[in-house]
Amino acid sequence: MPEDAALTLAEEPQGSGAAPAPAPSPTHETLLYIDGVSVSFDGFKALNNLSLVVEAGELRTIIGPNGAGKTTMMDVVTGKTRPDHGAVSFNGDIDLTKLDEVAIARLGIGRKFQRPTVFEKLSVWENLDLAIKDRRGVFHVLFSRLKAEQRRRIEEILEVIGLADRRHEAAGLLSHGQKQWLEIGMLLIQDPQLLLLDEPVAGMTDKETERTAELILDIARQHTVIVVEHDMAFVRDLGAKTTVLHEGSVLAEGTVEAVQNHPRVIEVYLGR
Amino acid sequence: MGPITSRLATMMTPKGWAALAAALLVFAVVLPVLNLAVPPGSPFHLPDFAVSLIGKYLCFAMLALALDLIWGFAGALSLGHGAFFALGGYCMGMYLMRQIGERGVYGHPTLPDFMVFLDWDELPWYWYGFDNFGFAMLMVMLVPGLLALIFGWLAFRSRISGVYFSIITQAMTFALMLAFFRNEMGFGGNNGLTDFKDILGFTIQSQQTRVGLMIASAVALALALLVCLFVVTSKLGRVLVAVRDAENRVRFLGYSVTHAKLLVFVLSAVLAGIAGALYVPQVGIINPGEFSPANSIEVAVWVAVGGRGTLLGPILGAVSVNAAESYFTGFAPDLWLFVLGGLFITVTLFLPQGILGLLRGLRDRLRGTARTPVAETAGHA
Ligand SMILES: Nc1ncnc2c1ncn2[C@@H]1O[C@H](COP(=O)(O)OP(=O)(O)OP(=O)(O)O)[C@@H](O)[C@H]1O
Ligand SMILES: [Mg+2]
């Protein structure tokens with residue numbers, strides 16, 4: 001993992017305006033490369049020349065004030081929103097801006113939404129069954145049946161997310177935190193190359209948050225993960241390289257400690 | 001259990017399979033015997049008109065079942081299913097026309113009467129092949145299926161759903177109706193296709209043929225029900241429930257919502273086409289009136305009344321609404337439309353799960369087991 005730089009911050013003097021972090025360049029280890037992406041809604045720039053590089057195998061946390069563009073960044077990566085400018089590439093040369101949500105999901109990019117969205121009418125088991133890594137073609141789905149090994153995998157995940165005894169219940173009946181876990185479980189079982197988690201611990205108790213941190217650290221051992229969170233205790237628990245977004249671009253990037261002590265970050269985000 | 005038997009077990013409970021077998025026995029064996037073998041004087045005799053009526057109802061039931069697959073399970077309310085039914089009917093009608101041969105009024109060896117009347121001197125190319133039963137049956141499925149494929153692809157790809165989908169399907173059936181009214185189309189204009197003589201060599205008017213058609217309709221309905229059950233109990237069935245729940249989320253899992261809806265829409269159109277093909281020889285005519293937008297709306301009423309998203313409910317709905325219609329038009333034809341409208345409003349307001357929901361509720365109450373209906377596969381939009 002690239003724990004090379006303790007501080008790759010844009011070392012700017014305090015109050016010198018929004019000088020962007022130096023645009024990073026991709027290496028052969030790069031999994032996700034976002035370059036100069038801008039998105040505007042009715043003239044308002046939700047993303048403003050955003051550049052971000054995530055290495056394969058990396059765990060990255062992204063923080064930033066409300067409206068900084070964190071969710072919009074995920075929308076761009078997963079094909080929900082098309083950027084006005086800029087490039088987004090995956091795994092070297094796959095241009096994500098040309099693909100739709102379905103194609104991007106099939107490439108191996110999984111996403112957990114800010115508002116937990118499990119399929120409420122289906123049972124916990126069925127939610128996992130839908131997410132399980134398998135061919136997604138409509139005829140395959142019509143004729144396929146769960147293999148024994150897939151059943152075992154669902155059982156395993158049920159244990160991991162602590163929902164084994166609620167497997168037959170409709171997902172709509174779960175508590176908020178349990179829905180978040182189910183959604184993480186669905187991502188896990190999808191086994192994507194890149195996982196995008198938008199505020200996975202929002203609305204969780206401290207204990208649930210701790211467990212979730214362990215879960216994510218565990219997932220990050222075998223996957224590339226990007227986590228968006230506001231909960232700084234949780235971000236510290238993850239202890240990963242952290243990017244601060246502000247007004248649609250990168251304000252700072254580095255270790256959690258470095259970022260937390262950065263004067264501009266304190267000013268626009270943490271110090272509020 | 002082998003893989004096939006275990007798959008069949010997921011489709012229905014053993015009781016369900018037994019009920020289906022019993023129903024088939026009644027419609028394909030008992031009723032035919034009561035009609036053909038029991039003498040007319042006996043109280044057990046089934047009158048001829050009842051055979052025609054039941055045969056017709058079975059076709060309507062299949063049409064309602066087809067609509068339930070796309071509306072009840074994929075959440076897309078097609079108000080153009082009458083068009084698929086009519087297209088299947090026209091394909092069958094074309095076969096039946098070609099069977100008339102020289103027995104037409106004008107005695108032309110190949111041209112149907114209405115073409116001779118229009119001074120045409122050769123068969124249009126799209127009538128080729130319809131003298132062959134196998135080809136005609138292929139077209140019965142292919143024509144509605146292809147129309148649904150093209151139309152559905154355009155609609156679902158553009159993410160047209162909800163009321164917009166209903167409106168454009170109404171427009172589709174309306175446009176087809178206008179087209180089929182035109183004499184130049186070559187489908188008999190507003191008279192449609194009629195005066196059929198025989199089907200597969202059997203005289204179409206004979207009681208044996210009528211009974212045969214009723215049996216065929218019952219078997220087709222049973223097979224259609226099994227196909228629908230197979231779909232809704234498959235993983236695709238769960239994808240469809242998920243689509244109704246949170247369509248966008250399904251896309252981020254990598255499932256193509258367009259493909260899922262399209263498959264179900266095409267399958268549903270094919271089933272509607274087969275129903276139409278079985279209907280036409282039993283009523284002896286197919287004309288552009290079958291494309292009328294009101295017809296398609298009525299099918300949606302059958303489904304809603306019977307219980308949307310239950311497969312069995314729409315079958316009950318089609319039969320009971322049509323039985324009520326036959327009854328009312330007997331003594332108060334003017335009242336029927338009000339009754340139909342009132343029925344629809346009552347069901348929408350008070351019986352969201354239709355007749356079937358009501359029956360299941362009663363059964364559970366009688367047993368004293370208050371099972372939650374949430375567990376049913378049926379969902380609401
Ligand atoms: N579809 C949209 N139409 C109009 N404005 C939008 C749309 N999506 C996002 N925005 C705006 O873009 C800005 C960035 O939103 P985004 O959701 O990316 O922020 P965020 O960093 O995820 O914030 P939060 O921490 O509150 O989730 C906000 O001001 C938001 O109002
Ligand atoms: Mg957000």
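The values are calculated or read from the model by the stated rules, or taken from the named source; none is laboratory data. Owing to the predicted nature of the structure, the values given are computational and were not obtained by experimental measurement. A quick note on method: Cβ atoms are made from the backbone with ideal geometry, for glycine too, and the neighbour counts reach across all protein chains shown. Areas reflect the complete protein model, heavy atoms only, side chains present, ligands, DNA and RNA absent. Shrake-Rupley method; radii C 1.70, N 1.55, O 1.52, S 1.80 Å.
Run the numbers for residue B:121 and residue B:367: contour at 0.36 nm per residue of separation, minus the present Cα-Cα distance, in nm.
Numbers: separation 246, 0.36 × 246 = 88.56 nm, distance 6.95 nm.
Extra length from residue B:121 to residue B:367 when fully extended: 81.6 nm.
May I ask you to derive the FRET efficiency for residue A:91 and residue A:230 from their Cβ-Cβ distance with R0 = 45 Å, giving the value to the nearest 0.05?
It comes out at approximately 0.95.
A drop of at least 50 square angstrom in accessible area, chain alone versus all protein chains together, probe 1.4 Å. Which residues of the range B:234-269 meet that?
In the range B:234-269, residues shielded by partner chains: B:235, B:238, B:245, B:249, B:252, B:253, B:254, B:255, B:263.
Output the Kirkwood hydrodynamic radius of chain B, Cα pairs only, in Å rounded to one decimal.
By the Kirkwood definition, the hydrodynamic radius is 21.9 Å.
Kindly provide the helix-only [θ] at 222 nm of chain B, computed as the sum of -39,500 (n - 2.57) over DSSP H runs of four or more divided by all residues, to the nearest 500 deg cm²/dmol?
Working: 15 runs with 252 residues, N = 381.
The helix-only estimate for chain B comes to -22000 deg cm²/dmol at 222 nm.
Can you check what the net charge comes to around residue B:158, using other residues whose Cβ is under 14 Å from the Cβ of residue B:158 (Lys, Arg +1; Asp, Glu -1)?
Details: positive: B:157, B:159, B:261; negative: A:100, B:247.
Summing Lys and Arg as +1 and Asp and Glu as -1 gives +1.
In debye, nearest 20, what is the charge dipole magnitude of the protein assembly as shown about its Cα centre with +1 on Lys and Arg Cβ and -1 on Asp and Glu Cβ, if you could check? Write down the numbers at each step before the final one.
Working: 51 positive and 60 negative charges, 388 e Å.
Dipole size: approximately 1860 debye.
Take the alpha-carbon centre of the range B:97-172, take the same for the range B:294-356, and report the distance between them in whole Å.
Between the Cα centres of the range B:97-172 and the range B:294-356 lies a distance of 29 Å.
For the protein assembly as shown, what ratio Rg/Rh do Cα atoms give with a Kirkwood hydrodynamic radius?
That ratio equals 1.09.
Mind listing which chymotrypsin sites (Phe, Trp or Tyr not before Pro) in the range B:188-245 are in a DSSP loop and have 13 or fewer other Cβ atoms within 10 Å?
none
Run the numbers on the range A:119-173 and let me know its relative contact order in percent, using alpha-carbon pairs under 8 Å that are six or more apart.
Taking the mean separation of contacting Cα pairs over the length of the range A:119-173, I get 70 percent.
Can you list the residues of the range A:35-64 with backbone N under 13 Å from a point 7 Å past the Cα of residue A:84, pointing along Cα to Cβ?
A:37-50, by backbone N distance to the label point.
Can you give me the Cα centroid spacing of the range A:194-272 and the range B:211-236 in angstrom?
54 Å
Peptide A:128-139: average number of partner chain Cβ atoms within 10 Å per residue?
Taking the mean over all residues of the peptide, I get 4.
Give the A-B buried accessible area in Å², both sides summed, 1.4 Å probe, nearest 100.
Chains A and B together bury approximately 2800 Å².
Write down the accessible area per residue of the protein assembly as shown in Å², having rolled a 1.4 Å probe over the full set of protein chains.
Result: 45 Å² per residue.
Of all the stretches in chain A, which is the longest one without any exposed loop site, taking GluC sites (Glu not before Pro) in a DSSP loop (any state but H, G, I, E, B) with at most 15 other Cβ atoms within 10 Å?
The answer is A:30-168.
Give me the percent of Cα-Cα pairs in the range A:62-158 that sit more than 19 Å apart, rounded to a whole number.
57 percent
I'd like the Karplus ³J(HN,Hα) series for the range B:40-51: coefficients 6.51, -1.76, 1.60, θ = phi - 60°, whole numbers in Hz, and an x wherever there's a Gly or Pro.
x, x, 6, x, 8, 5, 9, x, 4, 4, 5, 4
Remind me, relative contact order of chain A in percent, using alpha carbon pairs under 8 angstrom and six or more residues apart?
Values: 497 pairs, mean separation 74.3, N = 272.
Taking the mean separation of contacting Cα pairs over the length of chain A, I get 27 percent.
If one computes the Cα centroid of the range A:160-180 and of the range A:25-103, what distance in Å separates the two points?
31 Å
Show me the trypsin sites (Lys or Arg not before Pro) within the range A:193-248 that DSSP assigns to loop and that have at most 13 other Cβ atoms within 10 Å of their Cβ.
Answer in residue order: A:221.
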